[in-house]
Amino acid sequence: MGNEQKLDRIALERVAKVFQAFSDATRLAILQELKPGPSGVGELVERVGGSQGNISKQLQILAETGFIRREKKGNQVFYSIEDDSIFDMCNVVCSKLNRESRGKASFVFEI
(Lines give C-alpha, C1' and ligand atoms only; values in the text may rest on other atoms or scores of the structure.)
Protein backbone atom coordinates (compact mmCIF):
# COMPACT_ATOMS: atom_id res chain seq x y z
CA MET A 1 0.00 0.00 0.00
CA GLY A 2 2.97 2.28 -0.08
CA ASN A 3 2.80 6.02 0.41
CA GLU A 4 -0.80 6.60 1.51
CA GLN A 5 -1.01 9.11 4.30
CA LYS A 6 -3.13 8.29 7.32
CA LEU A 7 -6.06 10.56 8.03
CA ASP A 8 -5.85 12.78 11.07
CA ARG A 9 -8.55 12.71 13.76
CA ILE A 10 -10.52 15.60 12.23
CA ALA A 11 -10.64 13.89 8.84
CA LEU A 12 -11.64 10.60 10.46
CA GLU A 13 -14.50 12.37 12.26
CA ARG A 14 -15.73 13.73 8.91
CA VAL A 15 -15.59 10.25 7.37
CA ALA A 16 -17.47 8.81 10.34
CA LYS A 17 -20.19 11.45 9.96
CA VAL A 18 -20.71 10.38 6.34
CA PHE A 19 -21.02 6.73 7.35
CA GLN A 20 -23.42 7.68 10.14
CA ALA A 21 -25.70 9.24 7.51
CA PHE A 22 -26.04 5.76 5.98
CA SER A 23 -26.78 4.07 9.29
CA ASP A 24 -30.53 4.63 9.22
CA ALA A 25 -33.00 2.78 6.99
CA THR A 26 -35.30 5.82 6.81
CA ARG A 27 -32.48 7.98 5.46
CA LEU A 28 -31.68 5.33 2.84
CA ALA A 29 -35.36 5.18 1.87
CA ILE A 30 -35.40 8.97 1.49
CA LEU A 31 -32.36 8.83 -0.79
CA GLN A 32 -34.08 6.23 -2.96
CA GLU A 33 -37.18 8.40 -3.20
CA LEU A 34 -35.16 11.48 -4.14
CA LYS A 35 -33.19 9.77 -6.91
CA PRO A 36 -35.84 10.41 -9.62
CA GLY A 37 -36.18 14.07 -8.68
CA PRO A 38 -37.06 16.64 -6.02
CA SER A 39 -39.78 16.01 -3.45
CA GLY A 40 -41.40 17.91 -0.63
CA VAL A 41 -41.58 16.66 2.93
CA GLY A 42 -45.25 15.71 2.57
CA GLU A 43 -44.55 13.53 -0.45
CA LEU A 44 -41.66 11.86 1.35
CA VAL A 45 -43.81 11.18 4.41
CA GLU A 46 -46.36 9.44 2.16
CA ARG A 47 -43.82 7.38 0.23
CA VAL A 48 -41.39 6.54 3.04
CA GLY A 49 -43.75 6.41 5.99
CA GLY A 50 -43.26 7.84 9.44
CA SER A 51 -44.08 11.19 10.91
CA GLN A 52 -43.38 14.54 9.32
CA GLY A 53 -41.15 15.41 12.28
CA ASN A 54 -39.02 12.30 11.83
CA ILE A 55 -38.71 12.74 8.06
CA SER A 56 -37.71 16.38 8.56
CA LYS A 57 -35.07 15.32 11.09
CA GLN A 58 -33.63 12.74 8.69
CA LEU A 59 -33.61 15.29 5.85
CA GLN A 60 -31.64 17.67 8.07
CA ILE A 61 -29.02 15.00 8.73
CA LEU A 62 -28.70 14.23 5.01
CA ALA A 63 -28.42 17.93 4.20
CA GLU A 64 -25.68 18.40 6.81
CA THR A 65 -23.58 15.74 5.10
CA GLY A 66 -24.04 17.42 1.73
CA PHE A 67 -25.93 14.51 0.16
CA ILE A 68 -29.10 16.49 -0.46
CA ARG A 69 -30.01 20.13 -0.97
CA ARG A 70 -32.99 22.21 0.04
CA GLU A 71 -34.75 24.62 -2.26
CA LYS A 72 -37.56 26.85 -1.09
CA LYS A 73 -40.33 27.57 -3.60
CA GLY A 74 -42.97 29.83 -2.16
CA ASN A 75 -43.95 28.39 1.19
CA GLN A 76 -42.75 24.87 0.35
CA VAL A 77 -39.31 23.32 0.63
CA PHE A 78 -38.17 20.73 -1.88
CA TYR A 79 -35.28 18.32 -1.40
CA SER A 80 -33.10 16.81 -4.10
CA ILE A 81 -29.89 14.86 -4.46
CA GLU A 82 -26.79 17.04 -4.25
CA ASP A 83 -24.13 14.35 -4.69
CA ASP A 84 -24.84 11.29 -6.87
CA SER A 85 -21.77 9.50 -5.50
CA ILE A 86 -23.92 8.39 -2.58
CA PHE A 87 -25.52 5.85 -4.88
CA ASP A 88 -22.10 4.43 -5.77
CA MET A 89 -21.46 3.83 -2.08
CA CYS A 90 -24.87 2.19 -1.63
CA ASN A 91 -24.25 -0.06 -4.61
CA VAL A 92 -20.88 -1.16 -3.17
CA VAL A 93 -22.66 -2.24 0.03
CA CYS A 94 -25.41 -4.01 -1.93
CA SER A 95 -22.79 -5.86 -4.01
CA LYS A 96 -21.13 -7.05 -0.81
CA LEU A 97 -24.47 -8.26 0.58
CA ASN A 98 -25.22 -10.07 -2.68
CA ARG A 99 -21.86 -11.88 -2.57
CA GLU A 100 -22.48 -12.91 1.04
CA SER A 101 -26.00 -14.16 0.36
CA ARG A 102 -24.81 -16.47 -2.45
CA GLY A 103 -28.04 -16.09 -4.39
CA LYS A 104 -30.37 -16.45 -1.41
CA ALA A 105 -31.40 -12.79 -1.64
CA SER A 106 -30.78 -9.96 -3.99
CA PHE A 107 -29.96 -6.52 -2.66
CA VAL A 108 -30.43 -3.78 -5.19
CA PHE A 109 -30.49 -0.14 -4.20
CA GLU A 110 -33.33 0.88 -6.50
CA ILE A 111 -32.33 3.93 -8.45
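The values are calculated or read from the model by the stated rules, or taken from the named source; none is laboratory data. Predicted, not measured: the structure shown is a model, and the values here were computed from it. Glycine gets a Cβ as well: all are built from the backbone with ideal geometry, and neighbour counts include every protein chain shown.
The residue that is modelled with the highest pLDDT, among those in the stretch 72-93 that are acidic (Asp, Glu) and in a loop (DSSP other than H, G, I, E, B), is Glu82. Considering the stretch 68-87, the residues that are in contact with a Lys or Arg (Cβ under 8 Å, 6 or more places away or on another chain) and under 13 Å from Glu33 (Cα atoms) include one that is surrounded by the most Cβ atoms within 10 Å (Cβ to Cβ), namely Tyr79. Among the residues of the stretch 22-59, the ones that are among the polar types (S, T, N, Q) and loosely packed, with under 12 Cβ neighbours inside 10 Å come to 3 in all. Determine whether Glu64 is at pLDDT 90 or above, under 14 Å from the mean Cα position of the chain (by Cα), surrounded by 14 or more Cβ atoms within 10 Å (Cβ to Cβ) and acidic (Asp, Glu). Against the criterion (at pLDDT 90 or above, under 14 Å from the mean Cα position of the chain (by Cα), surrounded by 14 or more Cβ atoms within 10 Å (Cβ to Cβ) and acidic (Asp, Glu)), Glu64 does not qualify. Test Lys96 against the stated conditions and say whether it is modelled with pLDDT under 95, charged (D, E, K, R) and surrounded by 12 or more Cβ atoms within 10 Å (Cβ to Cβ). No.
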